[in-house]
Amino acid sequence: MLTNENKNLLMKIKDILIQEVPKTTDIIQIYRLLQDNNYSEYKCSVLKEPRWVDDAFIVKISDSNSSDFTLKIHYDKYPMASHVYNSPHLLSKLERCLFSTTIVETFIIPNGHLNNIRFVFYEYIDGIPLDKLVVGASGEMIATYRELLKECVENLFKIGFNPFIRDLGDFILVEESGIQRVILTDYNTLVDCSNSHSHAREEIMDIIEYIIYKTVSSDYRPFISERPTMFQLD
Ligand SMILES: Nc1ncnc2c1ncn2[C@@H]1O[C@H](COP(=O)(O)OP(=O)(O)OP(=O)(O)O)[C@@H](O)[C@H]1O
Ligand SMILES: [Mg+2]
């Protein structure tokens, strides 16, 4: 549930974006815009830098009156994520699920080149991504991470989503009142499979367990895709 303070902050940022994004021609300009000191009512810190011209970037937005948001910005050219973003029904299913991040608001604003830029506001998840945890972890910890990832995936299947497991950076480990849980953050890994039989979504877990076993290991190699246009910021 959004508090009034949260809503006010979100509206303020949305107003700035509606005004400024049509003047931009690439997403790096939006990244710089959000970090601009002129908007000192909130603090903006980087969670994920764009690694190439059209890569998503993610910032954490905080102010003293409301809880933190995560804002993910990318070109609206990921059909699997867009399918979920455009469905209030699917979004509310994911909102009720404890194993995925909650989207509080999402919209598109065309930039100066009429490219559709997607803005996604999530609740900020205070935890550590699995890719950071598994490398060099003990056998006991690896077994725990596998179990927690399995629990997350099983629950997403239960509500009709097929998550693809490749990049462990898409999953964050959180701890609340001594209970650990893995939460999926990247909606571009989700395929809506709600018309499938529940037995199909249960029986696939044999295969998923094997994928989890192979992927979650102490010699996990980071999942990095590269583009020829890869560039450095600044
Ligand atoms: N809601 C959130 N709360 C806190 N941190 C988040 C949230 N969403 C994403 N992150 C951080 O951003 C990282 C990347 O998230 P995500 O996988 O959604 O983006 P991405 O653009 O697909 O990145 P990549 O291309 O590296 O997979 C996560 O590992 C996590 O550290
Ligand atoms: Mg990802």
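Tabulated data
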item	result
Test: residue in the range 131-141 that is touching a helix residue (DSSP H, G or I) at 6+ places or on another chain (Cβ under 6 Å) and closer than 26 Å to Val84 by Cβ	yes
Residue count for the range 131-170, restricted to those that are away from ligand 1 (no atom under 16 Å from the Cβ) and either modelled with pLDDT under 95 or closer than 24 Å to Ala56 by Cα (or both)	2
Selection within the range 182-206 - hydroxyl-bearing (Ser, Thr, Tyr) and either in the same structural domain as Tyr85 (by TED's automatic domain parsing) or within 16 Å of ligand 1 (Cβ to nearest atom) (or both)	Thr185, Tyr187, Thr189
Criterion (exposed (fewer than 14 other Cβ atoms within 10 Å of the Cβ), of a type in the set (A, V, I, L, M) and either more than 17 Å from Tyr85 (Cβ to Cβ) or within 20 Å of the chain's Cα centre (by Cα) (or both)) met by exactly one of Ile165, Ile179	Ile179
Some residue of the range 166-177 being within 16 Å of ligand 2 (Cβ to nearest atom) and small (Gly, Ala, Ser)	yes
Test set (1) more than 13 Å from the chain's Cα centre (by Cα); (2) surrounded by 13 or more Cβ atoms within 10 Å (Cβ to Cβ); (3) of a type in the set (S, T, N, Q) - Ser64 fails condition number	(2)
Flag if Ser100 is away from ligand 2 (no atom under 16 Å from the Cβ) and either under 23 Å from Asn6 (Cα atoms) or modelled with pLDDT of 95 or more (or both)	no
When residues of the range 9-61 are limited to those that are away from ligand 2 (no atom under 16 Å from the Cβ) and of a type in the set (Phe, Trp, Tyr), the one modelled with the lowest pLDDT	Tyr39
Criterion (hydrophobic (A, V, I, L, M, F, W, C) and surrounded by fewer than 16 Cβ atoms within 10 Å (Cβ to Cβ)) met by exactly one of Leu94, Leu114, Leu71	Leu114
Set Gly160, Gly136, Gly127: member being touching a Leu at 6+ places or on another chain (Cβ under 7 Å), among the small types (Gly, Ala, Ser) and away from ligand 2 (no atom under 13 Å from the Cβ)	Gly127
Residue count for the range 77-94, restricted to those that are modelled with pLDDT of 95 or more and of a type in the set (D, E, K, R)	1
Flag if Arg118 is outside any helix (DSSP H, G or I) and within 13 Å of ligand 1 (Cβ to nearest atom)	yes
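This table checks each residue for (1) of a type outside the set (Asp, Glu); (2) within 16 Å of the chain's Cα centre (by Cα).
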| position | (1), (2) |
| --- | --- |
| Ile103 | yes, yes |
| His113 | yes, no |
| Phe121 | yes, yes |
| Tyr124 | yes, yes |
| Gly136 | yes, no |
| Ala143 | yes, no |
| Glu151 | no, no |
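The values are calculated or read from the model by the stated rules, or taken from the named source; none is laboratory data. None of these values were measured; they are calculated from a predicted model. As a convention, Cβ positions derive from the backbone with ideal geometry for all residues, glycine included, and neighbour counts pool all protein chains shown.
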